[in-house]
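The values are calculated or read from the model by the stated rules, or taken from the named source; none is laboratory data. The structure displayed is predicted, hence computed values, not measured ones. In this analysis, Cβ positions are derived from the backbone assuming ideal geometry, glycine residues included, and neighbour counts consider all displayed protein chains.
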Amino acid sequence: MAREQDTILVVEDDATIARLLEIHLGKSGYNVLLATRGHEALAICRSTPPDLIVLDVRLPDISGYEVGMALRSAPDTQNIPIVVLTAFGERANRLNAHNLVRADYFLGKPFDIEELSSVIRNQLSSGRRRGQFHPVTNLPTGELVNNQLRTLLTSNGWILALIRINGFEHFTQHYGVIVGEDVLKFTALLLCDIVEQRGDADDFVGQLVVGPYFIIISLPDRIQTITSEMIRRFTSDVKLYYDYQDLQLGRAPAMNLLVATVSTEDGPFADIRELTAAAEVRLA
């Protein structure tokens, strides 16, 4: 049986199939939401993110691929498991589902309802296990970060610092992915160490799923000390990850930390998308 809070969004324009899934999944204990159009599905996900999405590819307005890509690009929906359900069973469509949508599972029509139920159960279970901590740094990420951001929407006295490793992409292109991951690990350890020394036990350090972005949630009276120390130590110690000759010849791709802060005073914010967008604008 499903957990009480498990919500499944079925995005399907065929009324017969949509009704079949609504009845079967409802009897299995899920809360079922229905959308017959892509834009309708996106609106539902923005207002009430579901626990899993069953997504048809052929929709009346935009394709399921476009829906999936939009969901993956938004911080509050990018970790929702997506099961692609479509009559298009060719290899090219499966590749699109995996590469464009980063679908968690692909089922062709006609489908076996019991098989779909099994897939949904497994995806919900594995979705809870993964996406909680960053695979490289082990910092909280995904829904753990989103939950922290949601608490800010209804609280006061906080400040959010969004941190980006500027120049990280060029550095990784020059030295390779493995060395780049070492820099991410170094940065994560650095942030945690400084927050432990200069911050408080209630402060939060996390990492966004995509890109070299980190966040710190703290109080306004100590964020300046934390970020100043962070920038100073990063600038000094990141040199250890460069080739010595590159540094001597001045051909090392430079990296530095960019920091943008948003506080209670900048709100109110309607949702975490608006909150993170406000920080991103200041970071640019």
Kindly indicate which of SER118, SER126, SER155 is under 20 Å from the mean Cα position of the chain (by Cα), of a type in the set (Ser, Thr, Tyr) and either exposed (fewer than 14 other Cβ atoms within 10 Å of the Cβ) or in a strand (DSSP E or B) (or both). SER126
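Conditions tested, residue by residue: (1) over 30 Å from PRO268 (Cβ atoms); (2) in contact with a His (Cβ under 7 Å, 6 or more places away or on another chain); (3) not assigned by TED's automatic domain parsing to the domain that holds ARG222.
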position: ASP112; (1), (2), (3): yes, no, yes
position: PRO135; (1), (2), (3): yes, no, yes
position: THR151; (1), (2), (3): no, no, no
position: SER155; (1), (2), (3): no, no, no
position: GLN173; (1), (2), (3): yes, no, no
position: LEU189; (1), (2), (3): yes, no, no
position: ASP202; (1), (2), (3): no, no, no
ILE165 in contact (Cβ under 8 Å) with a residue 60 or more places away in the chain, within 17 Å of GLY206 (Cα to Cα), in the same structural domain as ALA277 (by TED's automatic domain parsing) and more than 18 Å from the chain's Cα centre (by Cα): no
Output the residue which, of all residues in the stretch 131-152 that are in contact (Cβ under 8 Å) with a residue 60 or more places away in the chain and β-branched (Val, Ile, Thr), is surrounded by the fewest Cβ atoms within 10 Å (Cβ to Cβ). THR137
Looking at ILE62, ILE80, ILE53 in this structure, which one is at pLDDT 80 or above, assigned by TED's automatic domain parsing to the domain that holds LEU124, part of a loop (DSSP other than H, G, I, E, B) and within 29 Å of GLN132 (Cβ to Cβ)? ILE80
Of everything in the stretch 188-213, what is within 22 Å of VAL136 (Cβ to Cβ), free of Cβ contacts under 8 Å to residues at least 24 places away in the same chain and in a loop (DSSP other than H, G, I, E, B)? Give them in sequence order. ASP203
Do we find that ILE178 is among the aliphatic types (A, V, I, L, M), surrounded by fewer than 21 Cβ atoms within 10 Å (Cβ to Cβ) and farther than 26 Å from ILE272 by Cβ in this structure? yes
